[in-house]
Amino acid sequence: MNAYLTESVFFGAMISLAAYEAGLLIRRKFQRAILNPLLIATICVMAVLLLLKVDYQQYNEGAKYISYLLTPATVCLAVPLYQQLDLLRKHLKAVAGGITAGVFASLVSVLLLSKLFALSHEQYVTLLPKSITTAIGMGISEELGGIATITVAVIIVTGILGNVIAEFVCKLFRIEEPIAKGLALGTASHAIGTAKAMELGAVEGAMSSLAIAVAGLLTVLGASVFANLL
């Protein structure tokens with residue numbers, strides 16, 4: 001039975017979707033920020049693969065079909081932004097400045113930490129796209145000579161961390177402006193952070209959606225410059 005299941009062309013997709021659904025159920029039941037559905041799904045998938053002794057390549061043969069949905073899903077985030085278009089026009093300068101500052105802070109922090117821990121150039125460029133959506137981050141990593149699979153892992157960890165601690169950080173620094181919350185989440189934690197922003201409110205979700213796209217473009221430009229600094 002196990003052999004038949006693991007050899008199915010959709011095994012990876014089935015396990016991933018089932019694990020994520022389990023994560024959603026656990027989150028709804030216990031209502032704790034640490035119980036992020038994606039984090040739970042990741043742990044569940046790893047446990048199943050270890051239990052059934054399935055290697056990553058076999059799992060990915062089925063899971064890759066979910067990855068095809070990343071780009072269209074990201075594009076769909078333009079819908080809440082369109083609904084808040086008047087608000088965007090009103091605060092355009094602040095929005096542009098906030099996203100630019102966030103991208104710059106991300107790139108500089110990776111550079112400083114890479115120097116501090118004496119990382120190689122390959123490791124450094126692998127980490128540069130940590131705060132943007134996977135669809136864009138993988139391409140940047142491969143183009144700069146990084147390790148794309150590690151980049152994906154780093155992007156996911158960054159997103160989950162941002163999703164989990166977002167409300168705490170906002171309370172700690174007394175950030176109450178919806179636009180600021182949305183821009184911070186989208187710029188620092190891409191789509192996973194945007195999921196949290198949408199929970200906080202329509203304005204937060206719209207601004208976070210915008211931040212994903214703009215931060216991605218700015219990171220593409222900035223990473224090509226920062227890649228030469230180490």
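Rg/Rh for the range 144-219: what does it come to with C-alpha atoms and Rh from Kirkwood? Let's see the in-between values first.
Details: Rg = 12.6 Å, Rh = 12.4 Å.
Over the Cα atoms of the range 144-219, Rg/Rh equals 1.02.
When the chain is modelled as a GNM with alpha-carbon springs shorter than 10 Å, which of 111, 183, 172 fluctuates the most?
Highest fluctuation of the listed residues: 172.
Which helices pass in the chain if a helix is a full DSSP H run, must span at least 30 angstrom along its long axis by Cα, and must have mean Kyte-Doolittle hydropathy not below 0.5? Display every interim value, and only then the final one.
Values: long enough: 92-116 (36 Å, 1.68); 148-172 (34 Å, 1.92); 202-226 (35 Å, 1.77).
Membrane-span-like by this rule: 92-116, 148-172, 202-226.
Using the beta-carbon distance between residue 46 and residue 142 and R0 = 22 Å, what value does 1/(1 + (r/R0)^6) give for FRET efficiency, to the nearest 0.05? If you can, show how the numbers build up before the last one.
Details: r = 24 Å, r/R0 = 1.10.
Efficiency at R0 = 22 Å is approximately 0.35.
Tell me what the chain gives for mean residue ellipticity at 222 nm when only DSSP H runs of n ≥ 4 count, each as -39,500 (n - 2.57), the sum divided by the residue total, rounded to 500 deg cm²/dmol.
Numbers: 13 runs with 187 residues, N = 230.
Taken over the chain, the calculation gives -26500 deg cm²/dmol.
Okay, which of the range 61-82 sit inside 16 Å, backbone N to the point 7 Å along the Cα-Cβ direction of residue 18?
Residues 62-63 qualify, since their backbone N sits under 16 Å from the label point.
Rg and Dmax in Å for the chain, alpha carbons only: what are they?
Considering the chain through its Cα atoms, Rg and Dmax are 18.4, 60 Å.
What's the longest piece of the chain with no exposed GluC sites (Glu not before Pro), counting a site as exposed if DSSP puts it in a loop and it has at most 12 other beta carbons within 10 Å? Before the final figure, lay out the partial values.
Details: sites that count: 7, 176.
Result, exposed sites excluded: 8-175.
Residue 71 to residue 120: extension gain in nm, 0.36 nm per residue of separation minus the Cα-Cα distance? Please report the intermediate quantities before stating the final value.
Details: separation 49, 0.36 × 49 = 17.64 nm, distance 3.02 nm.
Value of the extension gain: 14.6 nm.
Could you pull out the longest piece of the chain with no exposed loop trypsin sites (Lys or Arg not before Pro) in it, calling a site exposed if DSSP puts it outside H, G, I, E, B and it has at most 14 other Cβ atoms within 10 Å? Provide the component values of the computation, followed by the final result.
Details: sites that count: 32, 53, 174.
Here the longest run is 54-173.
Coordinate-derived values only; no laboratory data. Owing to the predicted nature of the structure, the values given are computational and were not obtained by experimental measurement. FYI the Cβ positions are ideal-geometry reconstructions off the backbone, even for glycines, and counts take in every protein chain you see.
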